[in-house]
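The values are calculated or read from the model by the stated rules, or taken from the named source; none is laboratory data. This one's a predicted model, so the numbers in the text were calculated from it and none came from an experiment. Reconstructed Cβ throughout: ideal geometry from the backbone, glycine too, with neighbour counts over all protein chains shown. These area figures cover heavy atoms from the full protein model, side chains too; ligands, DNA and RNA do not enter into them. Shrake-Rupley method; radii C 1.70, N 1.55, O 1.52, S 1.80 Å.
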Amino acid sequence: MSSVPSKMKAIVINKNGGPEVLEYTDSQPVPNLSDGQILVKNHFGGVNYIDTYFRSGLYPAPGGFPMFIGQEASGTVAKIQGSSEYGFKEGDRVVWIGRGGYAEYTAIAEKSVVKIPDGVSDEDAVGGFLMGMTALSLVKEAYPVKKGETVVVHAAAGGMGLLLCQILRDMGVTVIGTAGGPEKCALAKENGATHVIDYKATDGPSWVEQVMKLTDGKGVDCTYDGVGKDTYEGDLEVAKRKSKVVYFGNASGAIPPFNIARLSAKNISIMRSTLMQYIVTREELEFYANGVLDMVKSKKLNIKIHKVYPLKDAQQAHKDLEGRKTTGKLLLEL
Ligand code: NDP
């Protein structure tokens, strides 16, 4: 059995607030295992926008304080209690989804862990895991997009955006990507956006007007929107008759309540999608996890890592992400 220390490095949150509430410690007790869990020695933790929602209080702290955030990490199996239901053994390279990824060790439900295929690095495995599965679930289930259709992807140079653009391009979908600034627009285009719109530019037509122009006034079949407050109304304007808007995040703030009677003008459907409801069973998790890891292995999906931050710089990672300074995926080295 590999030796597991009693203390570890971790980020602990004792109250909601800005990035400053992310407290670094090197003396957090290594968690004990409960039934059905295995212990993973994490190498890289994924930073996701949802981490900022838990930190700020937009989403309530699950289980109260102290709170441990981080929805995913890659590493090696450090300890198994009894026998493994899914055939893991100590030393296996794995990636997991759950909670507690801003830490050296995580006790995680075995059913939320998958093996990393040979040929996929720890960085790419976690860099494309939660986000890759989300992107696949958005195009397969939230709005099952078809070849030849036209969609809008907001924040197209972000972590989610770059993956969505690549996947949609491969499916033969016309992607209108929005992004803040010329450099982000160029990156989105390189990664599969057919057209790009700088929605931060203050001169010239609005992004809504540009989408309508690009679609000859018809509008789009679907908008995938992780920006939220700043874009949700425009999404309804660029929606084609009988189309769908899929909201999946709040990078600019939560969408306020609105009157659904507005949807009747064009028989628009809306949905609020979350990955976790698509990977409830082991079978569902394996479907999406293997789907994305296969794409990473075959290089169909290129994982762009913005930066690997030391764990003690988690505050900076959150500042950069919320400050719209990043493209692609942020990782923490553990
Ligand atoms: P990103 O890398 O996309 O970063 C967020 C981007 O949003 C920024 O870079 C910025 O891009 C854009 N943005 C627009 N307005 C603002 C604003 N006011 N403040 C900050 N950013 C803004 O993040 P992620 O890829 O981690 O996540 C993208 C979205 O996807 C988030 O809303 C997240 O919650 C959601 N998500 C949802 C999941 C689900 O299951 N529902 C799973 C995974 C992610 P620009 O400068 O180009 O505008």
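Whether a residue is open to solvent by less than 30 Å² (accessible area, probe 1.4 Å), within 17 Å of residue 289 (Cα to Cα) and within 15 Å of the chain's Cα centre (by Cα) was assessed, and residue 127 passes this test.
Here the strands (runs of 3 or more DSSP E) wholly within the stretch 217-334 that include at least 3 residues being more than 9 Å from the ligand (Cβ to nearest atom) and touching an Asp or Glu at 6+ places or on another chain (Cβ under 8 Å) are 220-225, 239-247, 305-310.
Which of the helices (runs of 4 or more DSSP H) contained wholly in the stretch 116-195 include at least 3 residues that are within 15 Å of the ligand (Cβ to nearest atom) and out of contact with any Phe, Trp or Tyr (no Cβ under 9 Å at 6 or more places or on another chain)? Spell out how you get there, then give the answer.
Numbers: elements: 122-127, 129-137, 159-170, 182-190.
Passing ranges, in order: 159-170, 182-190.
Comparison of 52, 25 shows that the only residue that is among the β-branched types (Val, Ile, Thr) and in contact (Cβ under 8 Å) with a residue 40 or more places away in the chain is 52.
Under the condition of being open to solvent by less than 40 Å² (accessible area, probe 1.4 Å) and under 28 Å from residue 128 (Cβ atoms), the residues counted in the stretch 29-60 number 16. Within the span defined as the stretch 199-216, every residue fails to be at negative phi, part of a strand (DSSP E or B) and surrounded by 24 or more Cβ atoms within 10 Å (Cβ to Cβ). Could you tell me how many of the residues in the stretch 285-321 are open to solvent by 50 Å² or more (accessible area, probe 1.4 Å) and within 16 Å of residue 102 (Cβ to Cβ)? Residues in the stretch 285-321 being open to solvent by 50 Å² or more (accessible area, probe 1.4 Å) and within 16 Å of residue 102 (Cβ to Cβ): 8 in total.
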